[in-house]
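Peer 1: So that we are looking at the same thing, I have put the structure below in structure tokens.
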Amino acid sequence: MELHGSHAPSTAPPSSPSMARAIDHSTRAAAASFLRDELPQVLARAAELAAVEDPETEPYRSKYAAATALEASRGKADMLLRVFQAAASPHPATDAAADAAGAGREDTARASDLADAVAVLDYKRGALAADVDEVTRAKSLLTAADAQLQLNDAKHLRSLIDVCNLLGLLTSNDDDHKASLAFLVRAHKYYHRYLGMWSQAAGEVMEEGGEGRQGGEEEAREVESLHTITTFYLAQTLAAMGKKRRAAAFCAATLTRQLRLRQQFRAWDWAQNCAQLAGYYLGRDEFTTALHCLAAASTVVARHRAGQPVLPGGNGADTGGAGADAGKGDDEQVREVAANIEIGVGKVHLRVLQRSVELDAAQPDAAAAANPAATPTPAAAAASSTAAAPSSDASAVTAPSGAGAAAGSMEVDGGRREGQHEGDVDMGEGGEEGDGEASERWAGEGDVDIALGPDFSLLGLDPHAGTCARMQADGGGTGGERGASGGAEGEGEGDVVREYSHAVIHFNKAMAAFKAALEVYTSSDRFSDHFDIAMDISTLHRYLAYFEPSAHRAALIHQRRATRLLPLAGAINPSVYPSQAAQCVHELASIALNAMELEADAARAPAKIIEPGKQAIHYFDRFIALMQSSNPQDTDAARYVYAHFHAARTHYRICTLLPPQDGRDHLQHSLNYFSKFLEQAARMGLQEQLQAEVGVAKEMVQLLPTKLAADLSRLSIS
């Protein structure tokens, strides 16, 4: 079913001056009555109908009824408008015409009011068309309304804000983000014009009992709610355009406005978006700000669960509060968002360790002197290279698949507007856009200060202390903060983990958070999400082992990694989860290789070195077999080819630890794997990417047959 047809406002030219007297008293009275009484009543009734939740069998029944009422009123307004347009005479040409100038001016003003009424009705019909997914029709109606309302924009700032929001949403859904941004910037400017023109009314909105000047307190509250939608859409559109820094600023502004103005929102929506915001700051290594966002998200969820007001000393205005939307679905969403927050906390501490390892590894001489076990051989470094970054990316706090299903939309004072993108306000990793946007301003009209981080002190949190201060007091670093200053403070010298005892603190905090998340994302119900967390835990152990000064104890940490992963590896069905199965087996191979190198560094007995080496070969063989069955492509291809190189090197390393008669088979396997490595690297076009390894493999392929022959000769003589 479609909404009723559209009528364009009449543009009939004025007729002769004598026609100014053609409008009789009854017509003028009808126009005045329509504008004064009928139009407000129709708009109010349409709003009531649009807010009705209809049964699933007829989900838009009430909206269609609202559209019918608006269409009928629009027809009447258009009819009256045509009469007044036809009679208008802005320039009386004769004395007789001048006698009617007073009435003519009134009629001209009435015609303008009727044209605006037609535009308002088109705007409301366009909003309804958007609600029922009639996008083309919605754009047409809203565009026509926008053109008319702009002619007298000072009278229609509230309506223009909503029209621009809607057009921004619809154009963004069509991936025309540039057009969307233009509409949303206009909405942003209209809001600040509203504040400028009616500053007293805007000020009174912040106090109880103020009437305001333009439509009173109620309209001012509506404008504030609409502007919150504007900032939300701006965050999404800017993120889609890659302007992550400004997107994060508008996301923070949206979340802060909802608290400051005590606007209605659902606790889990707010918390999920706040956790997403933390991911942006984590990507910039701004750990203080990321933890502040996560603490705010956790506080909102905790108060929601306890049925307490979100804001201290207030009612919280939380539509998801206890008794409002209670039920199993609500509980599921809240549990998942709480788990996502825990994942975020775990990733912050994981990233602190990762960044510390990166900085330490950048100074190899100093690192080797301070911690011999922390400088692995090239083979060990290569074996763990695919796990150098936490799985699922430690710098992006995102909801696991299916979590926070409603987080892509916003509930603002009862007016629901769907978000233009699936999921949450996702800024992705932090980083600079490199397009000069940091200095870009929007004519100075209310643009956010992108140098300022979020401030959720309204929740009773200190953005510059609290979680981060405790983190530093515990001995951990917080990285190079940009925060309020907007610039990096060097490379974080003095603010990174340098000692094992400090690494343990971050390890324990991350483990506690990841374990809490695993209670929600179980292997039986949410295997993919469970697997990602398990891989993060494995990576966490690897970073802890880096700081362990004893090579043998570091090897034991790697063994604990394997112990945690083995049950998961056994539970994975490769035909159902081929990617996870291969990733898990490769992780086990890398763990065994790390342990082998560390045992060798600790000068352990050959048997203690050979044992993890054989485990590494076993898992590399399994990984190669899994990858062959799934026809590896792109990034998996390089890892698949590299596995042959690792297996070859490991066989050769074991051979050097055994007597010739016992090591011959490993020597032959080493030659075979080096040959396969060269063959696969050529087949997949990876010779240039793996140039150093290809050079080593070519030398070994030439040398090993000679060594095999020499060993065979010695065995024959003996």
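Peer 1: May I ask you to order 219-226, 333-340, 573-580 by the average number of other C-beta atoms within 10 Å around their residues, highest value first?
Peer 2: Working: 219-226: 21.2, 333-340: 24.1, 573-580: 13.9.
So the order, starting with the most tightly packed, is 333-340, 219-226, 573-580.
Peer 1: Right, next: Under 13 Å from the Cβ of Ala179, count the other residues' Cβ atoms, weight Lys and Arg +1, Asp and Glu -1, and hand me the total. Let's see the in-between values first.
Peer 2: Working: positive: Lys139, Lys178, Arg186; negative: Asp146, Asp174, Asp175, Asp176.
Spelling it out: positives minus negatives among the neighbours equals -1.
Peer 1: Of Leu626, Leu291, which has the most accessible area and how do the rest follow, probe 1.4 Å? Before the final figure, lay out the partial values.
Peer 2: Working: Leu626 40, Leu291 10 Å².
Ranking Leu626, Leu291 by accessible area, largest first, yields Leu626, Leu291.
Peer 1: Order Thr68, Thr171, Thr706, most accessible first, counting only protein heavy atoms with a 1.4 angstrom probe.
Peer 2: Values: Thr68 65, Thr171 20, Thr706 90 Å².
Per-residue accessible area, sorted high to low, gives Thr706, Thr68, Thr171.
Peer 1: Right, another one. How do the peptides 249-257, 531-539, 499-507 rank, highest first, by the average count of neighbouring beta carbon atoms within 10 Å per residue? Could the numbers behind the result be given before it?
Peer 2: Details: 249-257: 24.3, 531-539: 22.8, 499-507: 18.9.
Per-residue mean Cβ counts within 10 Å order the peptides as 249-257, 531-539, 499-507.
Peer 1: If I take R0 = 51 Å and measure r between the Cβ atoms of Asp331 and Ala182 in this structure, what FRET efficiency does the formula 1/(1 + (r/R0)^6) give, to the nearest 0.05? Walk me through the numbers before you get to the answer.
Peer 2: Numbers: r = 42 Å, r/R0 = 0.82.
Once rounded, the FRET efficiency stands at 0.75.
Peer 1: A further question on this structure: When only the heavy atoms of the protein chains count and the probe is 1.4 Å, how do Arg74, Arg526, Arg36 rank by accessible area, highest first?
Peer 2: Working: Arg74 0, Arg526 45, Arg36 150 Å².
Most to least solvent-accessible, the answer reads Arg36, Arg526, Arg74.
Peer 1: Determine the sum of side-chain charges near Leu626: Lys and Arg each +1, Asp and Glu each -1, restricted to other residues whose C-beta is under 13 angstrom from that of Leu626. It would help to have the intermediate numbers written out before the result.
Peer 2: Values: positive: Arg622, Arg639; negative: Glu587, Asp621, Asp636.
Result for the local shell: -1.
Peer 1: What is the packing order of peptides 638-649, 687-698, 151-162, taking the mean over residues of other C-beta atoms within 10 Å and listing the highest first?
Peer 2: 638-649, 151-162, 687-698
The values are calculated or read from the model by the stated rules, or taken from the named source; none is laboratory data. From a predicted model like this one, the values you see are computed outputs, not experimental measurements. All Cβ positions, even for glycine, are placed from backbone atoms using ideal geometry, and neighbour counts span all protein chains on display. Accessible surface areas use protein heavy atoms only, side chains included; no ligands, DNA or RNA. Shrake-Rupley method; radii C 1.70, N 1.55, O 1.52, S 1.80 Å.
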